[in-house]
Amino acid sequence: MIKLTAVVSSLALCFSFNLLAATPAELAWRNAVSPPPPGWQGPVFQLSHNYPTEMPPPCDKSVCKWLDGPANLFKTDFSEQGVPEWDQQWQDYIMHILNYVREQQDPYLRNEQGWKVQVNGSTRWFHVPWMAYDPTTGREFIHGFTNERTAVLSDFFGKRGLHGLAAAGKDAAEPRFETWAFGVYNPHGAYVLGQAWGKDGKPVLTSYAGNLTQAGLPFPEGTVVAKLLFSTVTPEQVAYLAGSPAWMANRHIEQNNQFFCQRKPQPVHLVQLDVAVVDSRSPTNWVYGTFAYNAGMKGETPWDNLSPVGLQWGMDPWTFPAVPKAESIPARQSVLNQSDINVQAEHFGCHQRLAGPVDNKLSSCLSCHGNAFASPDGRQLEPFSPNIFGFEGQCEQYSAENVAYFQNLKYPMGPVSGSFPNTISFDTSLQMWVAFGQYWQYARDGAPQPCQGGH
Ligand code: HEC
């Protein structure tokens, strides 16, 4: 018996020794969950984390062109005419952001070129730490993709395209497709990242207006964040993805519509590009926008095939399910591009709020992002902070949860629900939220848990 205990404790010692071998700094700043195999010839992802140590000067309106324009652009008009329509003004707003994002990127978005973090001779784009912690979903070594929400075929078609599948019967398993994405922050955003995280890989906490927060927040005006979402779906399955750039991802192997832990370099196609900018005219301080890849757009490069889906600057708290149906007015804090009905019409979120093609349709960009909260020791989702990924009756009924989910929040406000009094806010950044959660998981569990089974 004594012997056995000795063996067990020396095993435990050896195990904890291994855990100690991976320091928080090593885990926070590592490039990927696993290195490229010997002889790998393709692109290799490098984490860009040489964050600016000084706050960059305010972004000049000749560069951040979207910030130039009427002061009342996002002012809410409660009249019947107050529902914004997609016009030149919105088209310009989102295209100015896209032009900033695509500056000096490969016009053909080729896999070999990948995402360039250098623009005009300096670092334009930076990454969030800690996203290579979890072997199941964490960053892969080719382009730094992380594994996101799994989409089903109907997500790409909406209600109309589903006829064939619906006819196949409810029990027929709907084909599933993994989403692999990466996000990048410009220098204004990256300044915050550098304040929020120590070189030791630990979060730096401070107080802002009496609230506990990560240092550096809130994000200043001039912040631009872009996220490119790729899917395992192919243009053969979804015709409007014809010609969509294919990048390699060291992604989960897949068999009979099941995804397994083991990873292998395989192609994924660009389906969606998300952007988020800080604009002090917005009631939430943020404007979120999205583009869908659309083969039907005639242009010279894949960039020209990115079709704007819409913009969102608030959660429309006056619209169902944030109010009862009888009191609901049409949403007016999202503006949706309805012109290209074939691709995007079904992709909007809850009651004409904005969501993207591979997003949860019962949600909206800002409802999910605005509820980026965690307890100070990194515990997320219920019972510690709002359930951002979905809940019973989401978008379906007037309920306390829906009221809370569709309220306008602005940093440093906490969640609307009184059930989560001690949360800290990430000013809508869900990558910061992921990183914070991963750090605390490390603090509790040590080295990452190995990926297990199919998922
Ligand atoms: C149901 C939740 C949810 C919805 C809806 C959602 N996102 Fe996100 N988004 C996330 C999560 C989680 C992350 C962090 C992980 C990552 O980068 O993939 C994220 C990351 C991002 C990022 C990178 C910066 C950041 O905040 O972390 C941007 C930009 C972004 N989303 C834009 C959008 C836009 C635009 C929409 C709507 C078209 C949208 N998102 C809808 C959950 C959501």
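Arg263: of a type in the set (Lys, Arg), within 16 Å of the ligand (Cβ to nearest atom) and touching a strand residue (DSSP E or B) at 6+ places or on another chain (Cβ under 8 Å), yes or no? No, not satisfied. Lys410 meets each of the listed conditions (1) open to solvent by less than 40 Å² (accessible area, probe 1.4 Å); (2) under 20 Å from Asn285 (Cα atoms); (3) part of a loop (DSSP other than H, G, I, E, B) apart from (1).
Let's see how each residue does on (1) more than 27 Å from Asp427 (Cβ to Cβ); (2) of a type in the set (Asp, Glu):
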position	(1), (2)
Ala295	yes, no
Glu300	yes, yes
Asn305	yes, no
Val309	no, no
Thr319	no, no
Pro324	yes, no
Ile329	yes, no
Arg332	no, no
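Residues that are under 22 Å from Ala355 (Cβ atoms) and open to solvent by 30 Å² or more (accessible area, probe 1.4 Å) within region 414-430 comprise Val416, Ser417, listed in sequence order.
With respect to the conditions (1) surrounded by 12 or more Cβ atoms within 10 Å (Cβ to Cβ); (2) not in a loop (DSSP other than H, G, I, E, B), Pro129 lacks only one, and its number is (2). The numbered conditions (1) surrounded by fewer than 22 Cβ atoms within 10 Å (Cβ to Cβ); (2) on the phi > 0 side of the Ramachandran plot; (3) at pLDDT 95 or above are all true for Gly158 except (3). Of all residues in region 293-304, none are over 25 Å from Gln237 (Cβ atoms) and within 14 Å of the ligand (Cβ to nearest atom).
Might you let me know whether region 226-239 holds any residue that is closer than 28 Å to Pro357 by Cβ, in a loop (DSSP other than H, G, I, E, B) and among the hydroxyl-bearing types (Ser, Thr, Tyr)? Step through it out loud before you land on a result.
Kept after step one, since they are closer than 28 Å to Pro357 by Cβ, are these residues of region 226-239: 226-239.
If we keep only those that are in a loop (DSSP other than H, G, I, E, B) as well, we get 232-238.
Among the residues that remain, those that are also among the hydroxyl-bearing types (Ser, Thr, Tyr) are: 232, 234.
Yes: region 226-239 contains one or more residues that are closer than 28 Å to Pro357 by Cβ, in a loop (DSSP other than H, G, I, E, B) and among the hydroxyl-bearing types (Ser, Thr, Tyr).
Being among the polar types (S, T, N, Q) and away from the ligand (no atom under 15 Å from the Cβ) is the filter; apply it to region 355-407 and report the residue that is most open to solvent (accessible area, probe 1.4 Å). Outline the logic, then answer.
Taking region 355-407 as the starting set, the residues that turn out to be among the polar types (S, T, N, Q) are 360, 363-364, 367, 371, 375, 380, 385, 387, 394, 397, 399, 402, 407.
In the following step, the residues that additionally are away from the ligand (no atom under 15 Å from the Cβ) were identified as 375, 397, 399, 407.
Values: Ser375: 15, Gln397: 93, Ser399: 28, Gln407: 44 Å².
If we take residues in region 355-407 being among the polar types (S, T, N, Q) and away from the ligand (no atom under 15 Å from the Cβ), then Gln397 is most open to solvent (accessible area, probe 1.4 Å).
Among the residues examined, Gly42 qualifies as farther than 30 Å from Ala196 by Cβ, small (Gly, Ala, Ser) and surrounded by 15 or more Cβ atoms within 10 Å (Cβ to Cβ). Mind checking which residues of region 270-309 are of a type in the set (Asp, Glu), touching a residue at least 24 places away in the same chain (Cβ under 8 Å) and open to solvent by 10 Å² or more (accessible area, probe 1.4 Å)? Within region 270-309, Asp274, Glu300 meet the criteria. Restricting the first member to region 355-381 and to residues that are more than 30 Å from Pro175 (Cβ to Cβ), and the second to residues that are of a type in the set (D, E, K, R) and more than 10 Å from the ligand (Cβ to nearest atom), the beta-carbon pairs closer than 9 Å and six or more apart or on different chains are Gly370/Lys410; Asp377/Arg444; Gly378/Arg444.
Here Trp29 clears all of (1) at pLDDT below 95; (2) open to solvent by 40 Å² or more (accessible area, probe 1.4 Å) except the condition numbered (1). Of all residues in region 85-137, those being over 30 Å from Ile253 (Cα atoms) and among the aliphatic types (A, V, I, L, M) number 6. Do we have any residue at all in region 436-446 that's in contact (Cβ under 8 Å) with a residue 60 or more places away in the chain, within 26 Å of Asp274 (Cα to Cα) and exposed (fewer than 14 other Cβ atoms within 10 Å of the Cβ)? No - not one qualifying residue is present in region 436-446. Against the numbered list (1) at pLDDT 95 or above; (2) near the ligand (Cβ under 9 Å from one of its atoms), Pro324 comes up short only at (2).
The values are calculated or read from the model by the stated rules, or taken from the named source; none is laboratory data. As the structure is a prediction and not an experimental result, all values here were calculated from the model. Heads up, the Cβs are rebuilt from the backbone with ideal geometry, glycines too, and the neighbour counts pull from every protein chain shown. What goes into the accessible areas is simple: the full protein's heavy atoms, side chains included, and nothing from ligands, DNA or RNA. Shrake-Rupley method; radii C 1.70, N 1.55, O 1.52, S 1.80 Å.
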